[in-house]
């Protein structure tokens with residue numbers, strides 16, 4: 001039993017080391033292309049009408065579900 | 001002319017135990033095409049990492065564009081002039097495309113470099129589109145880099161470097177894992193870039209491409225020191241040297257006809273490596 005756990009522990013550890021290694025290299029690749037910690041993106045994101053509509057509908061749906069679950073409204 | 005890169009007695013040791021480079025002294029001039037040859041594990045990739053200021057010499061000095069490269073200048077989040085100009089001037093093609101590609105679409109990937117260098121968005125857009133058109137990868141631009149094939153990934157990697165328009169290109173095993181057609185395409189691209197006056201430093205153990213893409217060759221031996229630093233033809237003609245550096249093997253050698261039938265260097269295309277010692 002303990003052997004099995006040891007084996008699994010070893011694999012988990014090894015996977016972690018591999019991912020750490022990989023992430024370090026990817027970071028190196030980002031630095032190599034001028035990354036210095038600031039995130040710069042091309043698209044300027046702004047709130048559109050459809051975002052307000054989505055927001056309101058999500059809130060409305062949750063209220064409706066809560067009321068329905070408390071039997072305050074009957075369907 | 002002042003060299004752009006100047007290595008003075010540079011050594012590099014991993015974890016204080018594993019030596020990767022020993023006493024390397026070399027300099028590179030602007031506009032040169034240099035091949036760094038060596039077997040696996042000889043330290044060529046480490047050498048390129050030092051030239052790209054991703055690793056720092058354990059001992060010895062490395063001057064880039066006349067300035068001493070120190071960890072304090074680069075390993076900081078603070079903006080500084082030299083760091084920025086160095087990153088703008090030097091592009092590094094990694095051996096493994098999966099390391100180099102981290103954005104969600106090919107377009108973002110290629111736009112990453114110019115964006116980091118604070119170019120205005122319109123300029124970034126323009127440059128990205130130009131590079132995409134230049135490499136003919138319009139059909140890939142909205143796809144996720146990790147879903148592409150090996151050859152396509154390599155193209156995207158190259159595009160992501162070219163978009164910042166660097167003067168110096170450091171290529172780590174550029175033809176590794178590519179099919180013959182992509183290899184020829186890449187060699188021709190490198191030749192074109194060389195014609196534009198770019199400095200190109202390539203680390204490779206693929207002897208077939210060396211003469212096509214470089215005029216000078218540096219051989220790094222398995223003892224992690226530089227064995228020879230000379231012009232390409234004389235290095236490629238020295239079979240004993242190549243054998244010693246583990247770059248050719250008695251049972252695997254260049255077969256003149258087969259090789260030269262397909263590849264076309266625009267200089268020295270009739271040179272053959274053919275000696276009595278390789279049968």
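Taken together, the values in this text are just the output of simple stated rules run on the coordinates, not laboratory data. This is a predicted model, so every value here is computed, not measured. Neighbour counts are summed over all protein chains in view; Cβ atoms, including those assigned to glycine, are modelled from backbone coordinates with ideal geometry.
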(request) Please report the relative contact order for chain B, taking Cα pairs under 8 Å with a sequence separation of at least 6, and give it as a percent rounded to a whole number. (result) 24
(request) Run the quick spin-label model on residue B:19 and residue B:144: label points 7 Å from Cα toward the beta carbon, then report their separation in nm to one decimal. (result) 4.6
(request) Could you work out the per residue convex hull volume over the alpha carbons of chain B, in cubic angstrom? (result) 141
(message) Using a 7 Å offset from the Cα along the Cα-to-Cβ direction at both residue A:17 and residue A:58, what is the distance between the two label points in nm, to one decimal?
(response) 4.2
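Inside 10 Å of the C-beta atoms of A:21-32, what's the mean count of C-beta atoms belonging to other chains?
On the way: counts 0, 3, 2, 1, 6, 6, 3, 8, 15, 7, 9, 14.
That works out to 6 on average.
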(request) Please order B:234, B:11, A:46 by the number of other Cβ within 10 Å, starting at the fewest. (result) A:46, B:234, B:11
(request) With the Cα gyration tensor of the protein assembly as shown in hand, convert its eigenvalues to equivalent ellipsoid semi-axes via √(5λ) and list them largest first in whole Å. (result) 44, 25, 23
(request) Give the value in nm², to one decimal: projected area of the alpha carbon convex hull of segment A:2-69, averaged over all directions. (result) 10.6
(request) Mind jotting down the distance between the C-alpha centroids of segment B:106-182 and segment B:1-42, whole Å? (result) 27
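Can you tell me how much longer the chain between residue B:123 and residue B:208 gets when fully stretched, taken as 0.36 nm per residue apart minus their C-alpha distance, in nm with one decimal?
26.8 nm
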(message) Cβ neighbours within 10 Å, averaged per peptide: list B:41-49, B:54-62 in order, most packed at the top.
(response) B:41-49, B:54-62
(request) Can you tell me the FRET efficiency between residue B:72 and residue A:71 if r is taken as the Cβ-Cβ distance and R0 is 45 Å, rounded to the nearest 0.05? (result) 0.10
(request) Calculate, in nm to one decimal, what residue B:179 and residue B:59 gain on full extension: separation in residues at 0.36 nm each, minus their alpha carbon distance. (result) 39.3 nm
(message) Give the average, rounded to an integer, of partner chain Cβ atoms located within 10 angstrom of each Cβ in B:13-19.
(response) 0
(message) Suppose we keep just the DSSP beta bridges with both residues in the protein assembly as shown; what percent of those would be antiparallel, to 5?
(response) 50
(request) Report, in deg cm²/dmol and to the nearest 500, the calculated mean residue ellipticity at 222 nm for the protein assembly as shown, where each DSSP H run with n ≥ 4 adds -39500 (n - 2.57) and the sum is divided by the residue count. (result) -13500 deg cm²/dmol
(request) May I ask you to sort A:33, B:181 by Cβ crowding, counting other Cβ atoms within 10 Å and putting the fewest first? (result) B:181, A:33
(message) Whole percent per 5 Å bin, from 0 to the bin with the longest distance: what is P(r) over all C-alpha pairs of segment B:127-260?
(response) 2, 8, 17, 21, 18, 14, 10, 7, 4, 0
(message) Starting from 0.36 nm per residue, how many nanometres of slack lie between residue B:249 and residue B:165 once their C-alpha separation is accounted for?
(response) 26.4 nm
(request) Please give the peptides B:202-211, A:2-11, B:143-152, B:18-27 ranked by average Cβ packing (other Cβ atoms within 10 Å per residue), highest first, as a rough proxy for protection. (result) B:202-211, B:18-27, B:143-152, A:2-11
(request) With both partners inside chain B, how many of the DSSP beta bridges are antiparallel, as a percent to the nearest 5? (result) 50
